[in-house]
Each structure stands twice: as C-alpha cells, then as structure tokens.
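Below is one structure, written out as structure tokens; the observations come after it.
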Amino acid sequence: MDPSEVEFLAEKEMVTIVPNFSLDKIYLIGGDLGPFNPGLPVDVPVWLALNLKQRQKCRIVPPEWMDVEKLEEIRDKERKEETFAHIPSPYYMELTKLLLNHASDNIPKADEIRTLVKDIWDTRVAKLRLSADSFITLQEAHAKLDNLTLMEINTTRTFLLDSLNYMYKLRTNMQPRSDAKSQDY
Amino acid sequence: METQSYMPVPPGVGMEENFLSLDDILLSHERLPCRTESAFPRLGFLEKSSDNRDISEGTKMEMPLWLAKGLYERTRRVLSVELPKVYREGWRTVFSADPTVVDLHKMGPYYYGLGSQLLHFHNPENAEIAQTVLQTFIGRFRRTMDSAQNAYNEDTSALVEPLDSLERALFKVGQNGLNAFQRWEMGRASHLTASSLVVNYRKRKITDLQA
C-alpha cells in the first residue's frame, strides 16, 4: 500500500468546520452533509473541509486532540510505556499533515504540533521496530497489534511479511520429513 | 509507487526450488564437492584434472548442484556429496557466535538457499545445518531491518555488501517502504510523474532502423 492511499482513507475522517456560506443539505452516497449556515459549526469529511478551505469558504476547527498540551501528554505516555499507548485518532499522522499543510492559519501553535506529532511518530516507530525484532528472535507465533495505526503498519508491512515468509521456510527445513520418496527426474 | 514492467518470481528458499525464479537458477549452479561412489565410464572428459577415459570410483570432484541432485539417490550409491566449508562445523561455530560479522555475500551468495538444498543429500549433520541456517537468519535480521529502514537518501552499497541475496531482496523491500513514506511526508507523493514504462518507451521509427 502506498502512503498516499493511506492518506486517501484518512480523508474520510470527520472534522468540524465553520462555514461562511449557506447551503441546503447535500445528499451524497456516503451520507448527507449539512445544512451549512454561516457561523454554525458542522461536521464534514476532511476532503470536503480542505476543499472548502482552499476556496476560503470555511474555517476549520482543529480536532480536540490536536492541541499542544494533549499531545505533550500523549508523547510522555508513549515514552513511558513499553507497549503502544492509546492514540486519539487512528489517522493522527495523516490528519496532522493534511490540516497543517492546508489550514495552518486555523490551528494555534501549528509548528509545535508538527514537532510533537513527529516525536510521537518516531517513538512509536522505534517501538514497532523493537517489537518486530523480538518477535523474530523469540520466534513467536502471533502478535497483538493494539493501538497501531494503519500508516505505522504500512511502513514495515512488506518487509516484515517477507521476512516471516523466509523464516517459515527455513524453519520447515528443520522438520524431519517423512521422505524416503526421492524425486524422479 | 513502485512500478515494474514484470513481476520477478521470488526464490523458493526452502527445499523446493521455483522453476521460474532467476535466483534459483543461479543457485543451481553453485558447486558442491562430491565423491563418486561408482565408476562413470567414458566420462573422463568432464574431469579436467586427469587424462583418463573413465571417471573411476572414489574420485573427488566438484559438481553443480543441479547435477548432484539428479545423480544422487539414497539407495543406489552413485555419489556422495560433501559439505561446502561454510556449512561445516567450524563455520557453524562462527555463525552461532555472531552471525552479523560474516560477509555472507562472499561466502554465498546463496547461503540460505544452498543450505536448504543441501538437506536433499541426507547428510548426518542435516539437523545442525538447518538449525544454523535458521539461527543465522534470525541473528542477522535486526541489522538488515535497521539498515533498510534508516538509510534514507544515502549510499547504501556498504550496507548491502555483506548481505546474502535473500537479505538483499529484503533490504530492497524495506527501502521501498521507507522511501515511499518519506516521499509522502515531504509532500512529493502528490506530484504526478510519468510512469517509468512511458519514459523508457521508445517507438522505433522506420528511418532509424534503415539508417
């Protein structure tokens, strides 16, 4: 999976916007949106929010967790705990990037948030690598991927799966086979 | 996104070979030290070191893996296959001490593949070989992973050099993942670029052919 495909999935997440135009309810396959009234907050998917924002039709209200204090708390928890801590949004990385790139004027302390999210990401990826390594070394049979986000899994997916395949094959070598049946050529 | 004009067949790795895998074809040319257990009349021309017409019983010679696999049979003793030195006990000790220091490309480059293939020859040390090959892979995994996922935008030839062909394939996969993520993060993923197929496509013109 390409990261841009993950980003595409993230664009289905809802955010709150404050529009500055009025429009009736719009009916889409994915659900009804609106009605839009100037000054009244309404929930829309990220793709629409960004589109409206680019046309200067709305102001984006940052999600609750996109806040320096909350992110600092998450970062500290992430550093303290050995397992993956709970993350408020399954698309935190993608949403941060999308919202900060397109609507940084609506988000207070955008630069600090960017650094914090990057810190959280780095901590989690380091953890992921550590647990992948111990998964291989201890030759475990299964792992629980609680609280991991799609983007994180996506960075190591093919690598880890290929390694596990190879390892499985090398391990089946060790089984004494019921052979005696030699191949005929 | 990584686009290729064809899908290469991956190596079989285990005791089975993938018929269409280029890696496995190259692997089948690895030389194995063998000892003939019966005479091969009129095949002396295969053995360059002597001028005899026949290959006599008990001759030591090297054979490619594909030939040894074809001739070997457990019941009819035609030839016995000895272990290449990387799989013998001395080297097995080295691998169990620290698998990361060994340059597997120089020793292999098909260390894992050949090690699995050797199990066809019913060597008494089969169990130890299989164990060592697996442990070597596990022991070197961390280094392969770290080097693949941390080396962004730098010269990787030094990192790749000591890797077995199997580990190289893994390294490439890991690098693809890292590069794709970095490209996305820098915001370059949204730029559309022409597919490498289109860029490399050249329409042959009749004038070029005739010139």
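The values are calculated or read from the model by the stated rules, or taken from the named source; none is laboratory data. Bear in mind that the values here come from a model prediction, so they are computed numbers and not experimental data. Glycine also receives a Cβ, built like all others from the backbone with ideal geometry; neighbour counts cover every protein chain displayed. Surface accessibility is based on the protein's heavy atoms, side chains included, excluding ligands, DNA and RNA. Shrake-Rupley method; radii C 1.70, N 1.55, O 1.52, S 1.80 Å.
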Summing -39500 (n - 2.57) over every DSSP H run of at least 4 residues in chain B and dividing by its residue count gives a helix-only mean residue ellipticity at 222 nm, to the nearest 500 deg cm²/dmol, of -12500 deg cm²/dmol
Measure of exposure for B:Y6: accessible area at 1.4 Å probe, Å² rounded to 10, is 130
One finds the C-alpha centres of the stretch B:69-121 and the stretch A:1-66 to be spaced, in Å, by 61
Log entry: pair-distance distribution for the stretch A:3-174, C-alpha pairs binned every 5 Å from zero, whole % per bin is 1, 7, 15, 16, 15, 13, 10, 8, 6, 4, 2, 1, 0, 0
Whole-percent carbon and sulfur contribution to the accessible surface of chain B (1.4 Å, no ligands, DNA or RNA) stands at 54
Looks like chain B, by Cα gyration tensor root eigenvalues a ≥ b ≥ c and the a/c under 1.5 rounded cutoff (else prolate when a/b is bigger than b/c, oblate otherwise), is oblate
Comparing each residue of the stretch A:142-173 in the complete protein assembly with the chain by itself (heavy atoms, probe 1.4 Å, ligands and nucleic acids ignored), those losing at least 20 Å² of accessible area are A:M151, A:T155, A:T158, A:F159, A:D162, A:S163, A:Y166, A:M167, A:K169, A:L170, A:N173
Percent relative contact order for the stretch A:3-174, counting Cα pairs under 8 Å at least six residues apart, stands at 20
iface B-A | buried accessible area, total | probe 1.4 Å | Å², round 100 | 3500
Note to self: C-alpha centroids of the stretch A:115-166 and the stretch B:167-211 sit apart, in Å, by 27
Packing-ranked peptide list from A:40-53, B:47-60, highest mean Cβ count within 10 angstrom first, is A:40-53, B:47-60
Counting other chain Cβ atoms within 10 Å of each Cβ in B:12-18 and taking the mean gives 3
Karplus ³J(HN,Hα) for the stretch B:84-100 (6.51 cos²θ - 1.76 cosθ + 1.60, θ = phi - 60°; Hz, whole; x = Gly/Pro) runs x, 5, 5, 9, 7, 4, x, 6, 4, 5, 4, 5, 6, 6, 7, x, 6
With all protein chains in place and a 1.4 Å probe, A:H86 shows an accessible area in Å² (nearest 10) of 120
Partner aspartates and glutamates whose C-alpha sits under 19 Å from that of B:K69, ignoring same-chain residues fewer than 8 away, are A:D179, A:D184, B:E16, B:E17, B:D23, B:D24, B:E30, B:E37, B:E47, B:E57, B:E82, B:E125
Heavy-atom accessible area of A:K97, protein chains in place, probe 1.4 angstrom, given in Å² to nearest 10, is 30
Ranked by GNM mean-square fluctuation in chain A (Cα springs under 10 Å), the top entry among A:S104, A:S163, A:S89 is A:S163
Each residue of B:164-174 has, on average, a number of other protein chain C-beta atoms within 10 Å of its C-beta equal to 3
Taking every residue of B:122-134, the Cβ atoms of other protein chains inside 10 Å of its Cβ average out to 3
Restricted to pairs 8 or more residues apart or on different chains, the lysines in chain A with C-alpha atoms under 17 Å apart form a number of pairs equal to 16
Around A:K25 (Cβ within 14 Å, Cβ-to-Cβ, excluding A:K25; K/R +1, D/E -1) the net charge comes to -3
